[in-house]
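Peer 1: Supplied in structure tokens, the structure appears directly below.
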Amino acid sequence: MRRPEPLYRAIIIVARTIFLINGYRFTIKGDRNVPKRGGAVMAINHTGYLDFPFAGKPADEAGHRKVRFMAKKEVFDHKVMGPLMRGMRHIPVDRASGAASFEEACRRLAAGEFVGVYPEATISRSFEIKEFKSGAARMAIAAGVPIVPHIIWGA
């Protein structure tokens with residue numbers, strides 16, 4: 001049984017309201033490939049600071065799944081964003097020493113959660129996909145879960 005997540009649900013409602021007010025339209029293709037249960041690594045291209053609500057949309061719509069995003073530790077240290085990130089159970093990444101975040105992501109994957117990772121490890125300013133780091137694939141292998149590729153365009 002999934003535990004209630006009022007903060008995450010509230011953030012989704014706020015994001016959807018903003019999408020509606022701004023007249024955003026989405027084309028989601030391949031959402032049938034989002035597993036309804038069990039762990040999975042969602043490997044996402046990174047084009048901006050606000051990719052998170054766009055990246056989580058297919059998983060939420062396909063099966064009301066929450067994505068636990070991996071994000072740099074500094075975001076969790078921010079006085080406003082930190083409590084939100086922790087409240088939504090996202091995973092902090094210390095770029096200088098990533099073993100703990102890797103292990104935490106693998107633990108969550110094995111427990112059946114979705115983990116969102118940006119394999120480029122930074123925002124692409126050119127809108128070209130940068131070279132991927134190997135962490136997403138290594139996590140999927142270690143946890144025995146699939147990788148769900150996810151491309152965001154136009155955010």
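The values are calculated or read from the model by the stated rules, or taken from the named source; none is laboratory data. Every value quoted in this text rests on a predicted model; they were computed, and no experiment measured them. Methodologically, a virtual Cβ is constructed for each residue, glycine included, from the backbone with ideal geometry; neighbour enumeration extends over all protein chains shown. For the accessible areas, the whole protein counts, side chains as well, though only heavy atoms, and no ligand, DNA or RNA atoms are used. Shrake-Rupley method; radii C 1.70, N 1.55, O 1.52, S 1.80 Å.
Peer 1: May I ask you to compute the full-extension gain from D77 to I147, defined as 0.36 nm times their residue separation minus their alpha-carbon distance, rounded to one decimal in nm? Provide the component values of the computation, followed by the final result.
Peer 2: Numbers: separation 70, 0.36 × 70 = 25.20 nm, distance 2.87 nm.
Gain on extension, D77 to I147, equals 22.3 nm.
Peer 1: Another question about this same structure. What stretch of the chain, leaving out the sites themselves, is the longest with no GluC sites (Glu not before Pro) in a DSSP loop having at most 14 other Cβ atoms within 10 Å?
Peer 2: Working: sites that count: E128, E131.
It works out to 1-127.
Peer 1: Counting only protein heavy atoms, what percent of the accessible surface of the chain is carbon or sulfur at a 1.4 Å probe?
Peer 2: Working: 5610 of 9510 Å².
Result for the chain: 59 percent of the exposed heavy-atom area is carbon or sulfur.
Peer 1: Taking θ as phi - 60°, what are the ³J(HN,Hα) couplings along the range 47-60 by the Karplus curve (6.51, -1.76, 1.60), each to the nearest whole Hz, with x for Gly and Pro?
Peer 2: Listing the rounded values in order: 10, x, 5, 9, 5, 3, x, 6, 5, x, 4, x, 5, 5 Hz.
Peer 1: Identify the residues of the range 45-73 with backbone N under 12 Å of a label point that sits 7 angstrom from the Cα of A137 along the Cα-to-Cβ direction, or state none.
Peer 2: none
Peer 1: Using 25 Å as the Cα-Cα cut-off, could you pick out the over-long pairs in K72/K133; K73/K133; K66/K133; K79/K133; K29/K73?
Peer 2: Working: K72/K133 15 Å; K73/K133 18 Å; K66/K133 23 Å; K79/K133 29 Å; K29/K73 31 Å.
The answer is K79/K133; K29/K73.
Peer 1: Here's a follow-up. Would you mind getting me the FRET efficiency between L50 and R95? Use the beta-carbon distance for r and R0 = 25 Å, nearest 0.05.
Peer 2: Working: r = 21 Å, r/R0 = 0.82.
The calculated FRET efficiency here is 0.75.
Peer 1: Convex hull over the alpha-carbon atoms of the range 50-101: what's its volume per residue in Å³?
Peer 2: Working: hull volume 4.4 nm³, N = 52.
Convex hull of Cα atoms, per residue: 84 Å³.
Peer 1: Going by a ≥ b ≥ c, the root eigenvalues of the Cα gyration tensor, does the range 1-88 fall in the rounded group (a/c under 1.5), the prolate group (a/b larger than b/c) or the oblate group? Can you show the working numbers first?
Peer 2: Numbers: a/c = 1.40, a/b = 1.18, b/c = 1.18.
Rounded, because the longest to shortest axis ratio a/c is under 1.5.
Peer 1: Can you list residues from other chains, or at least 5 along the same chain, whose modelled amide H is less than 5 Å from the amide H of I91?
Peer 2: Hits under the 5 Å cutoff: F69, M70, A71.
Peer 1: Moving on. Loop-only check: which trypsin sites (Lys or Arg not before Pro) in the range 1-80 are DSSP coil with at most 16 other Cβ within 10 angstrom? Numbers along the way, then the final one.
Peer 2: Values: sites: R2, R9, R16, R25, K29, R32, K36, R37, R65, K66, R68, K72, K73, K79; in loops: R2, R25, K29, K36, R37, R65, K66, K79.
Here the trypsin sites (Lys or Arg not before Pro) that fit, given the DSSP loop and packing criteria, are R2, R25, K29, K36, R37, K79.
Peer 1: How high is the relative contact order of the chain? Use alpha-carbon pairs under 8 Å, at least six apart in sequence, and give a whole percent. Before the final figure, lay out each step's value.
Peer 2: Working: 220 pairs, mean separation 54.0, N = 155.
Contact order relative to length: 35 percent.
Peer 1: To continue, here is another question. For the chain, what does the accessible surface come to per residue with a 1.4 Å probe? Please give it in Å². Can you show the working numbers first?
Peer 2: Details: 9510 Å² over 155 residues.
So the chain comes to 61 Å² accessible per residue, rounded to a whole number.
Peer 1: Chymotrypsin sites (Phe, Trp or Tyr not before Pro) within the range 35-94: which are DSSP loop residues with at most 13 other Cβ atoms inside 10 Å? Numbers along the way, then the final one.
Peer 2: Details: sites: Y49, F54, F69, F76; in loops: Y49.
The qualifying sites are Y49.
Peer 1: Whole-Hz Karplus ³J(HN,Hα) for the range 32-45, in order, using 6.51 cos²θ - 1.76 cosθ + 1.60 and θ = phi - 60°, x for Gly and Pro?
Peer 2: My calculation for the range 32-45 gives 5, 8, 7, x, 6, 8, x, x, 6, 9, 9, 9, 10, 6 Hz in order.
Peer 1: While we're here: Once you order the gyration tensor axes a ≥ b ≥ c over the Cα atoms, which shape class does the chain get: rounded for a/c under 1.5, otherwise prolate or oblate by comparing a/b with b/c?
Peer 2: Rounded is the answer for the chain, as its axis ratio a/c remains below 1.5.
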